[in-house]
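The values are calculated or read from the model by the stated rules, or taken from the named source; none is laboratory data. Note that this is a predicted model, so its numbers are computed, not measured. All Cβ positions, even for glycine, are placed from backbone atoms using ideal geometry, and neighbour counts span all protein chains on display.
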């Protein structure tokens, strides 16, 4: 029987590539989104992947959404916590609201996504938790104190979950993408983009599909000996 995977923020950008890669591997895939109904409907039409609307920052919405997914597709075997936002500003100009919104989605959102499904994974003695962190959670970034803090916190989550889940055959790992050629990155001015590429030893932006392949590897049944780990997919820009 096919395993079921949930990808938060799974209808656009890196999340969309992850959803499609898992579907191609034979998973039943559910992709969540927070607000763009038109884009989600188009994604479902093009891929056949079911989309579900809820805000990862809301625990009760996440819990109810996961219950709906499991009713539709079956118990969750794989969770990819990919949903994330930015509210960039230099620290001296950052508002409490900018701080809190990013914390609520990027850090608490991981708790909200994994926690409702965790008891079922323990009971069935199988699970794959994959959190999409960031190069900026490893090295920090000007104007992203809030974002970097959440992405660094995500690494702590997977290391702790790895220890708690190990005896239940649940793995927890993180992927830290570098700069990827998503719509958001491609929308920045060309000179800025060129400056970014100049810092990447392989000389190019990453592709969303390259992150998706990392996810597919970690999600596989045969990846059970890899847990508490971080894959840095950044073209050599930063070494840990």
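Evaluation of residue 186 against the conditions (1) crowded, with 20+ Cβ neighbours inside 10 Å; (2) over 21 Å from residue 8 (Cα atoms) shows that the sole unmet condition is (1).
Give, as residue ranges, the strands (runs of 3 or more DSSP E) completely inside region 1-81 that count at least 3 residues that are in contact with a helix residue (DSSP H, G or I) (Cβ under 6 Å, 6 or more places away or on another chain). Qualifying strands (runs of 3 or more DSSP E): 4-7, 28-33, 76-81.
Can we say residue 225 is touching a strand residue (DSSP E or B) at 6+ places or on another chain (Cβ under 8 Å) and on the phi < 0 side of the Ramachandran plot?
Numbers: touching a strand residue (DSSP E or B) at 6+ places or on another chain (Cβ under 8 Å): no; on the phi < 0 side of the Ramachandran plot: yes.
In short, no.
Residues in region 144-170 that are at positive phi and in contact with a helix residue (DSSP H, G or I) (Cβ under 8 Å, 6 or more places away or on another chain): there are none.
Do we find a residue being assigned to a loop (DSSP other than H, G, I, E, B), surrounded by 15 or more Cβ atoms within 10 Å (Cβ to Cβ) and touching a residue at least 60 places away in the same chain (Cβ under 8 Å) anywhere in region 172-180? Looking through region 172-180, at least one residue is assigned to a loop (DSSP other than H, G, I, E, B), surrounded by 15 or more Cβ atoms within 10 Å (Cβ to Cβ) and touching a residue at least 60 places away in the same chain (Cβ under 8 Å).
Residue-by-condition table, conditions (1) in contact with a strand residue (DSSP E or B) (Cβ under 6 Å, 6 or more places away or on another chain); (2) buried (at least 21 other Cβ atoms within 10 Å of the Cβ); (3) over 17 Å from residue 111 (Cβ atoms); (4) in contact (Cβ under 8 Å) with a residue 40 or more places away in the chain:
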position	(1), (2), (3), (4)
16	no, yes, yes, yes
23	yes, no, yes, no
27	yes, yes, yes, yes
47	no, no, yes, no
64	no, no, no, no
72	no, no, yes, yes
88	no, no, yes, yes
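Screening region 192-221 for residues that are out of contact with any strand residue (DSSP E or B) (no Cβ under 8 Å at 6 or more places or on another chain) and closer than 9 Å to residue 21 by Cβ and picking the one that is surrounded by the most Cβ atoms within 10 Å (Cβ to Cβ) gives 212. Cβ separations smaller than 7 Å between residues 6+ apart or across chains give the following pairs from region 192-211 residues that are at negative phi and at pLDDT below 95 to residues that are buried (at least 17 other Cβ atoms within 10 Å of the Cβ) and assigned to a loop (DSSP other than H, G, I, E, B): 196/179.
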